[in-house]
Amino acid sequence: MKAIQYHGNKDIRLEEIPLPNIQNTEVLIKIDYCGLCATDIEEYLYGPNSIKKTPMTPGHELVGTVENIGKSVTNITPGQRVVIDGIISCQKCLACTKGLNNQCTERGTVGFSHNGGFAEYLIWPAEQAFSLPDSVSTESAALIEPASVACHAIELAKIQPNETVCIIGAGTLGLLAAQIAKIKTSKVIAIDTREISLQLAKNLGITQTIDVKNKDMHEELKTLTEGKMPEVIIETAGGPTALKSSIENVKSGGRIIMVAVQGQDLKVPVDTIVNKELQLIGTGGYRTHNVKEAINLLEKKQLITDCLISGYINLEEVISDGYNKMMSKEKNIFRLLVDPHNKHQNLNK
């Protein structure tokens, strides 16, 4: 089968690799779409960091159709459309027994320790494959993985109905988190430097936005919160200033949910954290129930993902059109979906 192979720093190739043998408890998934994520770009530019071995097929935001099942599989049948819980855990340690599979010290992840979705097919444990409701489109489901990350972040934020939530970074993950936060409270503010992101936030019902490229974030937040400042800040932007801005602008006693991967050690105003009695809460991926929650939100139309799809590319275009577009300084895209079987192209013929 055709697959993108990561061989090391700035070295990815389209290659022909063997189709792995399916085991009794596994399913063979024909990949419909797989999202190209900023994390994939970080691994390309600065890795290998999270990638544990090479060559490795990247791609962790996937949806597909089950083509074959192992002899012991009873929960999935061929022909079903599925998404996966992409975290492989030991299922025995204390974290796993508490349902904290993302904290398992032996965990592995699709696209990083196990071959991922930038390929024509994927083998995965059947118990970690979840069928999709008929009302959820395959395209929409391609963003269930980042939606699961957003669900986990909002879960840890413990948002109360009367609280103001500020989303710093209105990219794909930030806009997913903003929509889920809006279910908890009507007071959601989106912050970004890109007009395209802020306009999309407004289209999704986030009426209060701040363009920090042209306006002072602190003064705008004071105005929008009537001087009270937000109780919760979800930091999805990354970079050296976003966390510092979060600490400075969150209300005393507030919570900062750190979602973005920084890739570097940052200097933070520790005394401010102490004096304001802030909670800094890190989030690492998602848990199994977050995947099911994301599916449920899509089915209920409480979460919209289609508008975050910026285009489709086939495997031959992953390097030239995918990685290069995602690395552009003037990037005005959210998610590019890799389409290994030219499914979308064929549908539009």
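Please treat every number below as a calculation from the coordinates, not as lab data. The shown structure was predicted, so the numbers you read here are calculated from the model rather than taken from an experiment. Every residue, glycine among them, receives a Cβ derived from its backbone with ideal geometry; neighbour counts consider all protein chains shown.
For the chain, the residue among CYS34, THR54, PRO269 whose Cα projects farthest onto the positive side of the dipole built from Cβ charges is PRO269.
Counted residue by residue at 0.36 nm each, then reduced by the alpha carbon distance between them, the extension gain from THR97 to LYS244 reaches 49.4 nm. In the chain, helices alone account for a calculated mean residue ellipticity at 222 nm of -7000 deg cm²/dmol, with every DSSP H run of four or more residues adding -39,500 (n - 2.57). Computed on the Cα trace of the range 94-218, the radius of gyration divided by the Kirkwood hydrodynamic radius gives Rg/Rh = 1.03. The magnitude of the dipole of the chain, with charges of +1 and -1 set on the Cβ of Lys/Arg and Asp/Glu and taken from the Cα centre, is near 560 debye.
Label separation (ILE281 vs GLN199): 3.4 nm, computed from points 7 Å beyond Cα along the C-beta direction. Checking [x] 1.64; [y] 0.99; [z] 1.04 against Cα Rg over 2.2 N^0.38 Å calculated from these atoms, the matching label is [y]. Taking Cβ atoms as reference points and 12 Å as the exclusive limit, the residues near LEU45 contribute a net charge of -3, counting Lys and Arg as +1 and Asp and Glu as -1. Rounded to the nearest 20 debye, the dipole magnitude of the range 28-133 is 380 debye, with +1 charges on Lys and Arg beta carbons, -1 on Asp and Glu beta carbons, and the Cα centre as origin. Between LEU173, CYS307, HIS289, the Cα set farthest toward the positive side of the dipole of the chain (charges on each charged residue's Cβ, about the Cα centre) is that of HIS289. At full extension, THR25 and HIS218 could sit 64.1 nm farther apart than now, given 0.36 nm per residue minus the alpha carbon distance. For the range 193-349, the alpha carbon convex hull comes to 170 Å³ per residue, rounded to a whole number.
Largest mean-square fluctuation among GLN160, GLN264, GLN91, in a Gaussian network model of the chain whose springs join Cα atoms under 10 Å apart, belongs to GLN264.
If you average 1/r over all unlike Cα pairs in the range 243-323 and invert the result, what Kirkwood radius do you get in angstrom? 16.6 Å is the Kirkwood radius here.
With contacts defined as alpha carbon pairs under 8 Å and 6 or more residues apart, what's the relative contact order of the chain in percent? Reported as a whole number, the value is 18 percent. Subtracting the Cα-Cα distance of THR272 and LYS52 from their residue separation scaled by 0.36 nm leaves 75.5 nm. In loop segments of the range 30-128 as defined by DSSP, the trypsin sites (Lys or Arg not before Pro) with at most 14 further C-beta atoms inside 10 Å of their C-beta are LYS52, LYS53, LYS71, LYS92, LYS98.
Placing unit charges on the Cβ atoms only, positive for Lys and Arg and negative for Asp and Glu, gives the range 147-282 a dipole magnitude near 220 debye about its Cα centre. Between the exposed loop cleavage positions of the chain, defined as GluC sites (Glu not before Pro) in a non-H, G, I, E, B DSSP state with at most 15 neighbouring beta-carbon atoms within 10 angstrom, the longest gap is 107-225. Gyration tensor over the Cα atoms of the range 147-282: the corresponding equivalent ellipsoid has semi-axes (square roots of 5 times the eigenvalues, largest first) of 20, 16, 16 Å.
Measuring r between the beta carbons of SER131 and THR185 and using R0 = 35 Å, the FRET efficiency lands at 0.65.
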